[in-house]
Amino acid sequence: MVLWALISGPVLLLLGLAAACFLLYCAYIQYIHMKYDHIPGPPRDSFFLGHYTTLMRSIKDNNLVHELFLQWAQTYGPVVRIYALHNAMILITSPHGVQEILMSPTYTKDAVYKHAFSLFGVRFLGTGLLTDRDYDHWHKQRRIMDPAFSRTYLMGLMGTFNEKAEELMERLSDKADGTCEFSVHEMMSKVTLDVIAKVAFGMELKSLQDDQTPFPRAISLVMQGVAETRNPLAMYTPGKRAFIKDVQDSVRLLRQTGRECIERRQKAIQEGEDVPADILSQILKGAALEDTCDKESLLDNFVTFFIAGQETTANQLSFAVMELARNPGILGRVQAEIDEAIGSKRDIEYEDLNKFQYLSQILKETLRLYPTAPGTSRLLDKEVVIEGFNIRPNVALVFNSYVFGRMEQNYKDPLTFEPDRFSPESPKPYFTYFPFSLGPRSCIGQVFSQMEAKVVMAKLLQRFEFQLIEGQSFDIADTGSLRPKDGVMCQLRPRTNRN
């Protein structure tokens, strides 16, 4: 009896503490519900889980969670509350809300960006330009990197854009017999990887020539890893262990590659050698002027630019080819524009880019329907009123460009691919189009990526006709960015009717 009393005392104490913690947790969830239940939204799956079960079921079933957000926005209006466990987020589909929040430097990025600091325990994007939530630190980084994306510097990249796009055309020529089937996404991923490696870091990866280079697979794995982290239990799922190890190894490969690249460049600069006037040199020079050269931060930005400069542009190009192949009238019109603008000229000059008006509209329309970076979020640190709803602070405001681009309120027949929405005569989108975000935290590389996209697409349209393989789906895969699920399987043949 004495022994039982000695044992039962601590046990009862622990049970009491557990019960108290449980009750406090319940009270906290109720408090969150009381703060935001006045905002419209779908019924909760349960008191404790909120909408977590519905969200995870959508991801598990390989459904696009952004379609779920679109349904909720269409059902419940421009301000929708969503719960996941004890967390609340507010989906905003109001153009006024976009203007007020995204255009302001006041609101920092939401805590969701902390999840990209590391990936399954290995430092990933850290506090790089994309994920840095400290506005002052971010602004300092942005100021250092701005010269690397100036108009003058970008004009000097046309030679590399042409060189790598020409290598892609050579590879495609080998496949252009009208019968060879290949993945457009795979080829676009390789060319954009070769471009960003050379223009940003002075690296010759030659992934278009070398099918054994590990970088395309590494990037694909880390993006899949990012998608998996939406499930907080992914790291503890037994069947995922091999995949998680592959992701961790891929992150280490990218960061080690960056470390070697940075160290070589720093040594070359210190020894007074001639170095490429690329993005890495600009970043290192800017960091030296700022008396800051935190190597981990430099690695964070290496990985950020390495992935963002490859992944999103490759996805946009693949979706553009997919839609052009499905719309022969649009394809014929843009090919006529390319023929008139550059004829059979091999190298595209910077001045030629302004001649590609309809091609620019196609690329913009592609990002309306298929925003490769589908959204962003901000942490609300003060009470605001959006569309008549008081939104109390300490909550994430979510802005989903996929949802905005597919709402009838914003675009007539939104599921129709219509590049003339972006013609000079058409009304400009009023805070409903933000594939590169908006305001001070907009993407620093958007001009770079669209210059590259124009060069690659112009050469492709100049040289080839393409046809989609029957039987493939046109579904969208979400791997942190949106990409065509089946890779856009095509057949090519040389153009014979060029003017």
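With charges only on Cβ, +1 for K and R and -1 for D and E, what is the dipole size of segment 37-494 about its Cα centre, in debye, rounded to 20? Numbers along the way, then the final one.
Details: 52 positive and 60 negative charges, 219 e Å.
I would put it at about 1060 debye.
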task: Note down the nm distance, to one decimal, between modelled labels 7 Å out along Cα→Cβ at Glu271 and at Asp413.
output: 6.3
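Over 30 Å between C-alpha atoms is what I'm after, so list which of Lys240/Lys459; Lys35/Lys140; Lys114/Lys485 land there.
On the way: Lys240/Lys459 41 Å; Lys35/Lys140 35 Å; Lys114/Lys485 27 Å.
The answer is Lys240/Lys459; Lys35/Lys140.
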query: Okay, which of segment 66-100 sit inside 20 Å, backbone N to the point 7 Å along the Cα-Cβ direction of His33?
result: 80-91
- request: Return, ordered by residue number, the residues of segment 57-86 whose backbone nitrogen is under 11 Å from a label point located 7 Å along Cα→Cβ of Asn390.
  value: none
query: So for the pair His115, Arg230, with labels modelled 7 Å out along Cα→Cβ, what separation do we get in nm?
result: 0.8
field: Backbone HN-Hα couplings from phi across segment 264-273 [Karplus 6.51/-1.76/1.60, Hz, Gly and Pro as x]
entry: 4, 5, 4, 5, 4, 5, 4, 8, x, 6
- request: Given the peptides 398-406, 204-212, 91-99, arrange them by the average over their residues of other C-beta atoms within 10 Å, most packed first.
  value: 398-406, 91-99, 204-212
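With r defined as the distance between the Cβ atoms of Asp177 and Asp420 and R0 fixed at 35 Å, what FRET efficiency is calculated, to the nearest 0.05?
Working: r = 34 Å, r/R0 = 0.98.
Rounded to the nearest 0.05, the efficiency is 0.55.
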message: If each DSSP helix of 4+ residues adds -39,500 (n - 2.57) and the sum is divided by the residues in the chain, what number results at 222 nm, nearest 500 deg cm²/dmol?
response: -17000 deg cm²/dmol
- request: Quick one: what are the phi-derived ³J(HN,Hα) couplings along segment 177-192, Karplus 6.51/-1.76/1.60 with θ = phi - 60°, whole Hz, x for glycine and proline?
  value: 10, x, 10, 5, 9, 8, 8, 4, 4, 4, 5, 5, 5, 6, 5, 5
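Which of Val447, Val195, Val251 comes first, and how do the rest follow, when ranked by fewest Cβ neighbours within 10 Å?
Taking fewest neighbouring Cβ atoms as first place, the list is Val447, Val251, Val195.
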query: Under a plain spin-label model, where a point goes 7 Å from the Cα along Cα-to-Cβ, how far apart in nm are Phe47 and Ser104?
result: 3.5
message: Can you compute the FRET efficiency between Glu383 and Arg264 using 1/(1 + (r/R0)^6), with r the Cβ-Cβ distance and R0 = 60 Å? Round to the nearest 0.05.
response: 0.75
- prompt: Taking the Cα centre of each part, how many Å lie between segment 78-136 and segment 147-220?
  reply: 31
- prompt: Based on the alpha-carbon gyration tensor of the chain and its eigenvalue square roots a ≥ b ≥ c, which shape applies: rounded if a/c is under 1.5, prolate if not and a/b is larger than b/c, or oblate?
  reply: prolate
Rounded to 10°, Cα long-axis angle of helix 215-228 versus longest principal axis of the chain: 30
statement: Among Lys190/Lys454; Lys206/Lys285; Lys198/Lys285, the pairs whose Cα-Cα distance exceeds 24 Å are Lys206/Lys285
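Computed from the coordinates by the stated procedures, all read-outs in this text should not be read as laboratory data. Remember, it's a predicted structure, so these values are computed and weren't measured experimentally. Please note: Cβ atoms are built from the backbone with ideal geometry, for glycine as well, and neighbour counts cover all protein chains shown.
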